[in-house]
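The structure appears right after this line, and notes come after that.
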Amino acid sequence: MSNRALAAALGAAALLAAASASADTAIKFTLDWKFQGPTAAFFVAQDQGYFEEEGLDVTIDSGNGSAGAVTRVASGAYQMGFADINALVEFNVANPGQAVKAVMMGYDAAPFGVYALKSSGIAKPADLVGRKLGAPVFDASYKLFPAFAAEVGIDSDAVPRVNMDPPLREAMLVRGEVDFVSGHYFSSMLDIQSKGVRKEDIVYMLYKDYGMDFYGNAVIAGGKFSEDNPAAVAGFVKAVAKGWRWVVANPEKSVDIVAGVDPLIDKPLELERLKLALDVNVLTPFVKENGIGGVDPARLESSIRQLAMALKLTATPPVADIWTDRFLPPKADRML
């Protein structure tokens, strides 16, 4: 082969390689919070090459709350995210015309709850009246506290509120500066214990145990991105479903993968956090029977209606404005 022919062949190969590389769809993905055990499935999907198999180039960033994650996706700064579906409902009602939808359910049972120390004398919902509730203003359990209060028959206005930065929440509870706090079960329970409190000295009330059959975090996607890149959204969901299956089979190794991304995490703590999330929020009877990712439309409709009433939203959006199952892989590919 002549030098000219060789150069032409090498040039063609380079162009082909460049075209192949550019074929990968870039997705900026935002979490709702820090890199933790319960979000390991996304890092596993990246580490095990599941995203790459679907032709995706995924970047995963930490977040500052579900409301922030929804806003990031709605703005187009991020194509997809992981956020509380109830925050999505609230955002879509407040911002008509936004097309962000949930495309895959992650927490079939919501992790929302409130937590107190036994020494406070709080033992049941009625004991919360007149006691100080502390939490960051964007905390999902905090925002949904009026709905919990309505469900258990107490006046949420009779509960004083104290807002603080997230790292101060459990510390202020232990110091007695607030009487109880709200937060995700798999976070608050462990964070309170990390302050030297024994598990048996913590009183917790999970919203799901008091008639609030809400869903929790879901994978969300921007409307324009979904319409322009349906194969990418479907591929992302398929990869994450595989990630969840790997996590269930390999919880310790999954936390190792998260630690590879953020070496500062406390691996034993995150492993315990992951196991709590799997036991309470992910591997529910519905998921065991139907696989990860789907919802019961009637249940979702009921929770949206309950949310709209409790938060006095200006509208009650239909399920179709919040959720779509068009990107889910077959049930067999979602069984854990």
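The values are calculated or read from the model by the stated rules, or taken from the named source; none is laboratory data. Keep in mind that this is a model prediction, so the values were computed, not measured. Cβ atoms come from the backbone with ideal geometry, glycine included; neighbour counts cover every protein chain shown. What goes into the accessible areas is simple: the full protein's heavy atoms, side chains included, and nothing from ligands, DNA or RNA. Shrake-Rupley method; radii C 1.70, N 1.55, O 1.52, S 1.80 Å.
Brief remarks on what is shown
- Condition check for Val255: open to solvent by less than 70 Å² (accessible area, probe 1.4 Å), part of a loop (DSSP other than H, G, I, E, B) and hydrophobic (A, V, I, L, M, F, W, C): no
- Which listed residue, of Asp209, Asp228, Asp179, is free of Cβ contacts under 8 Å to residues at least 12 places away in the same chain, within 18 Å of Phe145 (Cα to Cα) and of a type outside the set (Gly, Ala, Ser): Asp209
- Asp179 meets each of the listed conditions (1) more than 22 Å from Arg273 (Cβ to Cβ); (2) out of contact with any helix residue (DSSP H, G or I) (no Cβ under 7 Å at 6 or more places or on another chain) apart from (2).
- Matching entry among Asp84, Asp108, Asp127 (being more than 23 Å from Val181 (Cβ to Cβ) and of a type in the set (D, E, K, R)): Asp108
- Any hit, region 32-55, residues being touching a residue at least 24 places away in the same chain (Cβ under 8 Å), farther than 22 Å from Leu274 by Cα, surrounded by fewer than 23 Cβ atoms within 10 Å (Cβ to Cβ) and not charged (D, E, K, R): yes
- Selected residue [under 28 Å from Val70 (Cβ atoms), of a type in the set (Val, Ile, Thr) and in contact with a Gly (Cβ under 8 Å, 6 or more places away or on another chain)] from Val159, Val174, Val137: Val159
- Within region 264-303, if we keep just the residues that are out of contact with any strand residue (DSSP E or B) (no Cβ under 9 Å at 6 or more places or on another chain), open to solvent by less than 10 Å² (accessible area, probe 1.4 Å) and hydrophobic (A, V, I, L, M, F, W, C), the residue that is farthest from Met212 (Cα to Cα) turns out to be Leu274.
- Candidates Ala67, Ala23, Ala17, filtered to the one that is over 19 Å from Glu270 (Cα atoms), open to solvent by 10 Å² or more (accessible area, probe 1.4 Å), touching a Gly at 6+ places or on another chain (Cβ under 7 Å) and modelled with pLDDT under 95: Ala23
- Breaking point among (1) buried (at least 19 other Cβ atoms within 10 Å of the Cβ); (2) in a helix (DSSP H, G or I); (3) among the hydrophobic types (A, V, I, L, M, F, W, C), for Val248: (1)
- Close pairs from region 142-164: first over 21 Å from Phe214 (Cβ atoms), partner surrounded by 15 or more Cβ atoms within 10 Å (Cβ to Cβ) and of a type in the set (Lys, Arg), Cβ under 7 Å, at least 6 apart: Pro160/Lys132; Val162/Lys132
- Pick from region 75-86, criterion among the small types (Gly, Ala, Ser) and touching a strand residue (DSSP E or B) at 6+ places or on another chain (Cβ under 9 Å), ranking: farthest from Ala147 (Cα to Cα): Ala77
- Hits in region 287-324 - residues which are part of a loop (DSSP other than H, G, I, E, B), without any contact (Cβ under 8 Å) to a residue 40 or more places away in the chain and over 25 Å from Phe145 (Cβ atoms): Pro318
Matching residues to (1) more than 27 Å from Ala77 (Cβ to Cβ); (2) modelled with pLDDT of 95 or more; (3) not aliphatic (A, V, I, L, M):
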| site | (1), (2), (3) |
| --- | --- |
| Asp213 | yes, no, yes |
| Asn229 | no, yes, yes |
| Asp256 | yes, yes, yes |
| Gly260 | no, yes, yes |
| Leu271 | yes, yes, no |
| Lys275 | yes, yes, yes |
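- Test: residue in region 76-84 that is open to solvent by 20 Å² or more (accessible area, probe 1.4 Å), in a helix (DSSP H, G or I), in contact (Cβ under 8 Å) with a residue 12 or more places away in the chain and among the hydrophobic types (A, V, I, L, M, F, W, C): no
- Val73 assigned to a helix (DSSP H, G or I), closer than 26 Å to Asn92 by Cα and open to solvent by less than 20 Å² (accessible area, probe 1.4 Å): yes
- Within region 113-161, being among the basic types (Lys, Arg) and more than 10 Å from Val203 (Cβ to Cβ) holds for Arg131, Lys132, Lys143, Arg161.
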